[in-house]
Amino acid sequence: MDAAFQQCIDPDCNATFSIGEVHISCPTCAVAGKNSLLDIRYHWDQLEHTPKSFGLFERRWMTKGEQGSGTLDFSGVWRFRELMPFYRTEDDIVSIGEGRTNLQCANLLAGKIGFKPGNLYLQYEGLNPSGSFKDNGMAAAFTHARMVGAKCVACASTGNTSASLAMFASLSEMLGIVFIGSGKIAYGKLSQALDYGARTLQVQGDFDACLRRVRQITTENKELGIYLMNSVNPFRLEGQKAIMYRVLEAMDWQPPDWIVVPGGNLGNCSAFGKAFTELKELGLISRIPRLAVIQAAGANPLYQLFTEQGVRWDDGRPDTSKIDALYNKMNAESYHANTIASAIEIGRPVNLVKSLRALDLMDGVVREVDDQTILEHKAMVGRYGFGCEPASAASVAGAHMLIDEGILSPSDRVVCILTGHELKDPDATVKYHTGIDVKAIQDQAPRSTPHGQLANEPIAVPDDLDAIIKAIGATP
Ligand code: F0G
């Protein structure tokens, strides 16, 4: 058995696969008609460089950017590479300088929402190269894509995954294909996918429809040779663990009391749970923070299942009948998620079961916040911090709600993850401050023919498999 391998998370299956294989769900469970997620696992005792303390990372942090410290130590993901050792050699690793982000002690904001000074922290993942936390996971998933020889990569996205994929694809000289719901994406993010040169399919449908199609294309149309970059890809989550390593690093390796994170496709919170499980396994920490996942009220399946209906991880056997019933109800009612926080406008999150595992480990809670509350907290992060996009502010709104409920105490040390940059969605900010709906004006404005040698227009396609494959135009 290799020291690193893939494993089905279903305890009744536990099938393992080598790192060199490409799966987005467990092939063994698929035979039984089940759709189970995979984890990347390690036999830590068989690895040559298993960390015994945080000292190694500390030294890399102190020398980062200095001559001789190297690209990998400069990366806020790969300076923790011994904690995600699925690559064969360091030459496999893809890095574009991701993860050099900031933990801000937000005293002004703390005072406004009921925390004692020194206790509220904001982790600014918007400071990544493409402006969101997605770069952490893409660094790892592109590393795997390169290891398996992928030439063409794809994702469905509410915007940030597509921006990050597009940037990594162009720098890795791969073809990037992004599926976005038509009219569903903030222009800052659309502009990135176009500018970085991704083939951008604007599918008539929402994120859930896009994800269904891109999964079909990567699993049922394998001859197209397209590698899937959504967070069902377990390698993505390996990179996203690094957000927690950096939070710990900035807090002198003392875990905070709470991590508060917005929840959409639920990859981030799942990755955080995995990070803490492994740090505990390795004996590097003795205490695990609690987790709060905050959803928008207009896109709240985890809130409905976990908080309202009491669905739990249950040692890997959650009550799937309740999950199925919710999705069947959504189908019957033609429900589509709807929130101003377009990044988390997701009705059927792919990492739902992994998020239940993280909530179990981290003694978590799930809350929903409405759009106006999100916007008010976004404005507060703007006024009293570096700003963030609407979805990110759900974390601060959630922390505020939990302090009002008495679940968080003013003296708890709390870290809110700000997942995306303020400038990702300036229209939402302008509308909040002026009432002007810039996007509506833009959509109605007459369009001229695009010009410029690198003009890269989005391709409008119906939600139809053949039409999508034709639009992709990828040669097998
Ligand atoms: N915040 C931002 C800014 C996001 O872009 C996303 C997800 C989330 C939070 C939710 O994170 O999915 O790990 O629970 N955006 C994805 C995208 C879905 O396509 O860009 P999650």
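The values are calculated or read from the model by the stated rules, or taken from the named source; none is laboratory data. Here the structure is a predicted model, which is why all the values come from computation and not from measurement. With ideal geometry, Cβ positions are generated from the backbone for all residues, glycine too; neighbour counts draw on all protein chains shown. These area figures cover heavy atoms from the full protein model, side chains too; ligands, DNA and RNA do not enter into them. Shrake-Rupley method; radii C 1.70, N 1.55, O 1.52, S 1.80 Å.
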Practice prompt. With a 1.4 Å probe and all protein chains in place, put 290, 59, 447 in order of accessible area, largest first.
Written response: 447, 59, 290
Worksheet item: Sorted by mean Cβ packing within 10 Å, highest first, what order do the peptides 103-115, 146-158 take?
Response: 146-158, 103-115
Discussion item. So with the 1.4 Å probe, I'd like the accessible area per residue for the chain, rounded to whole Å².
Written reply: 40 Å²
Discussion item. With the cut-off at 1.5 for a/c, could you classify the range 172-227 from its C-alpha gyration tensor as rounded, prolate or oblate?
Written reply: oblate
Practice prompt. Mind pulling up the Rg/Rh value for the chain? Radius of gyration and Kirkwood radius, both on Cα.
Written response: 0.94
Fill in: Gyration tensor verdict on the range 1-113 (Cα atoms; rounded if a/c is under 1.5, prolate if a/b is larger than b/c, oblate otherwise)
oblate
Fill in: Length-normalised contact order for the chain - Cα pairs under 8 Å, 6+ apart - percent
18 percent
Worksheet, complete the sentence: Rounded to a whole number, the Stokes-Einstein D of the range 136-292 in µm²/s (Kirkwood radius over Cα pairs; 10 °C; 1.306 mPa s) is 96 µm²/s
Worksheet item: In the chain, what cysteines have no partner Cβ closer than 4.7 Å?
Response: 105, 152, 155, 210, 269, 388, 416
Worksheet entry | Accessible area of the chain belonging to carbon and sulfur atoms, whole % at 1.4 Å probe | 49 percent
Worksheet item: What base-10 log of the normalised intensity I(q)/I(0) is obtained for the range 378-422 from the Debye formula, alpha carbons as equal point scatterers, at q = 0.13, 0.28, 0.30 Å⁻¹?
Response: -0.28, -0.98, -1.04
Fill in: Overall form of the range 320-476 per C-alpha gyration tensor (a/c, 1.5; a/b vs b/c)
oblate
Discussion item. Can you pull out the GluC sites (Glu not before Pro) in the range 216-298 whose DSSP state is coil and whose Cβ has at most 10 other Cβ atoms within 10 Å?
Written reply: 220
